[in-house]
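Report on one structure; see the data block that follows.
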Amino acid sequence: MWSPELGNGTVFINGTWRQADSGATFPSRNPATSDEIGAVSDAGAGETAAAIAAASAAAGGWAATTPYERAAVLLEAHRLMTERAEDLAVLMTTEQGKPLRAARNEVRYAADFLQWFGEEAKRVYGSTIPSARADQRFITMHQPVGLVAAITPWNYPISMITRKIGPALAAGCPVILKPAEQTPLCAVAVFQLLAEAGVPAGVISLLTTRDPGPVGQVLLTSDAIRKLTFTGSTEVGKTLAAQAAGTVKRVSLELGGHAPFLVFDDADPVHAAKGAALVKFLNTGQACISPNRIFVQRGIYPEFVRVLTERVGALRTGNGADAAVSIGPLIDEQAVAKMERHTQDAVTKGARLLAGGHRLAGQEFDQGTFFAPTVLSEVTPEMLIYREETFGPIAAVTPFDDEKQAIQMANDTAYGLASYVYTRDLSRAIRVCEALRFAIVGVNDINPTSAAAPFGGTKESGLGREGGREGIAEYLDTKLVGLSL
Ligand code: ADP
């Protein structure tokens, strides 16, 4: 397996790779085998303060570069990421577990953010605004918010980094990244290529750590840090937002989801079931846009459930490095325990278990954290799976009678990230899109994501948008200039 060079340590501050001050390290492990794949430096409060000092010193110089210079660095990073795509994908499969094909797709998606925001750097336009006073003119300009703290999750360990660092660098902001403790090597590999692409010393810092608390505390209480961008659980996001409030930082949060997947009688049940099987089991269900509740109108319910069960039964689970595998391991033991809890709770309360429902055991599975792809039907609102984000390979199906009921059930959650609608009726598609209190709707479409499109949530799924024109605005302050003639 290819791995980034770790010999000098995995903390990156002021253009230099170093060990943690304490010399402490922690292991990164392959979730399919439990093998250690690298020793990672365990940074703490001291290294965080050093990164803030380096970023503060570099901020003015980076903000003063032209957008064309920043674009050139980002486009070079895109070129390097594309050139190294296979090595990065193999590393991701080894560290995070997703099948190699999915890892390749993620690296492509990650590189897209570097390219898109390299291009967007040149399109940060201000405006002129007419005044009611004849002797007055208004101008707006957009300026970098300043130092950015970025905290990223393990489920998309490369693209979640470029989705934040791409626009921050394009806008002219230095970034300090704290990656997830489960996938630090992916972050190291990204930082190596960013440094090679010419990001100046101090402009990017990487703090690998086993314990996010102390690093987070220093970042969030520092008045030098002007922006928090976070992707992770709603629970942690709320805590971080509260900490960030003390110094009134700008905050972008991309949090949990509980996506409804609505299939109406007028849809093709086979097509819809195939779509549900694909999107539900993407990344072993460990995605914030993963459908958590699948609602199917009664007329096509039996046929939909039959096809879904058949497709799920054909999925092959195993080590993602094996080309025949389409479902990898879960990230850790806690995740397996949650799958067991959600399944048992649902079955006890009357759901029908049509596929899977258990941990996978046997030679190729025993050292990893594998759960069989699962289908539950007759799921009801009393069940945990109907309320809690599952984040794993369980498809939970519920029948409905009419459009009004479907919308009411879909919206009955504190989350508001992705949703999906299958219908061939255009009027219904528009009505339902408008009624769903989710920030993303896929209409007969299971992949409503792109570097060019605004991704994010409403309600307790988050604040702000990543990607698209909106993505760079998160790192810019608007300045109003009033001029008397
Ligand atoms: P998940 O459930 O997907 O692991 P988390 O919200 O626990 O999501 O983690 C997402 C990111 O937030 C990770 O990088 C993790 O280390 C970080 N994190 C968790 N708790 C804290 C904290 N108290 N302070 C700063 N970062 C944290």
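The values are calculated or read from the model by the stated rules, or taken from the named source; none is laboratory data. In this text the structure is predicted, and so the values were computed from the model without any measurement. All Cβ positions, even for glycine, are placed from backbone atoms using ideal geometry, and neighbour counts span all protein chains on display.
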Check your understanding: So which residues in segment 439-469 are hydrophobic (A, V, I, L, M, F, W, C), in a loop (DSSP other than H, G, I, E, B) and in contact with a Leu (Cβ under 8 Å, 6 or more places away or on another chain), if there are any at all?
Key -> Ala439, Ile446
Practice item. May I ask you to list the residues in segment 209-254 that are surrounded by fewer than 17 Cβ atoms within 10 Å (Cβ to Cβ), near the ligand (Cβ under 9 Å from one of its atoms) and more than 27 Å from Ser22 (Cα to Cα)? Key: Ser233, Glu235, Thr239
Check your understanding: All but one of (1) farther than 18 Å from Asp42 by Cα; (2) polar (S, T, N, Q); (3) within 11 Å of the ligand (Cβ to nearest atom) hold for Thr152; which doesn't?
Key -> (1)
Check your understanding: Do we find a residue being surrounded by 19 or more Cβ atoms within 10 Å (Cβ to Cβ), of a type in the set (Gly, Ala, Ser) and in a helix (DSSP H, G or I) anywhere in segment 282-297?
Key -> yes
Exercise for review: Find all pairs meeting these conditions: Cβ atoms under 6 angstrom apart; at least six residues apart or on different chains; first residue within segment 162-185 and outside the structural domain of Leu74 (by TED's automatic domain parsing); second residue part of a loop (DSSP other than H, G, I, E, B) and more than 10 Å from the ligand (Cβ to nearest atom).
Suggested key: none
Check your understanding: Between residues in segment 385-400 that are touching a residue at least 40 places away in the same chain (Cβ under 8 Å) and residues that are within 16 Å of the ligand (Cβ to nearest atom) and in a strand (DSSP E or B), which pairs lie under 6 Å by C-beta distance while being six or more apart or on different chains?
Key -> Thr390/Asn292
Study note, to complete from the structure: Of the residues in segment 159-178, those that are closer than 25 Å to Thr284 by Cα, within 14 Å of the ligand (Cβ to nearest atom) and in contact with a Leu (Cβ under 9 Å, 6 or more places away or on another chain) number 3
Exercise for review: Give just the number: which of (1) in contact (Cβ under 8 Å) with a residue 12 or more places away in the chain; (2) outside any loop (DSSP other than H, G, I, E, B); (3) surrounded by fewer than 19 Cβ atoms within 10 Å (Cβ to Cβ); (4) away from the ligand (no atom under 16 Å from the Cβ) does Leu308 not satisfy?
Suggested key: (3)
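Which of the residues that make up segment 217-263 are assigned to a strand (DSSP E or B), under 27 Å from Leu169 (Cβ atoms) and over 20 Å from the mean Cα position of the chain (by Cα)? Explain how you work it out, then say what you get.
Within segment 217-263, the first condition is being assigned to a strand (DSSP E or B), and the residues that meet it are 225-231, 250-254, 259-263.
From what's left, under 27 Å from Leu169 (Cβ atoms): 225-231, 250-254.
Ile225, Arg226, listed by residue number.
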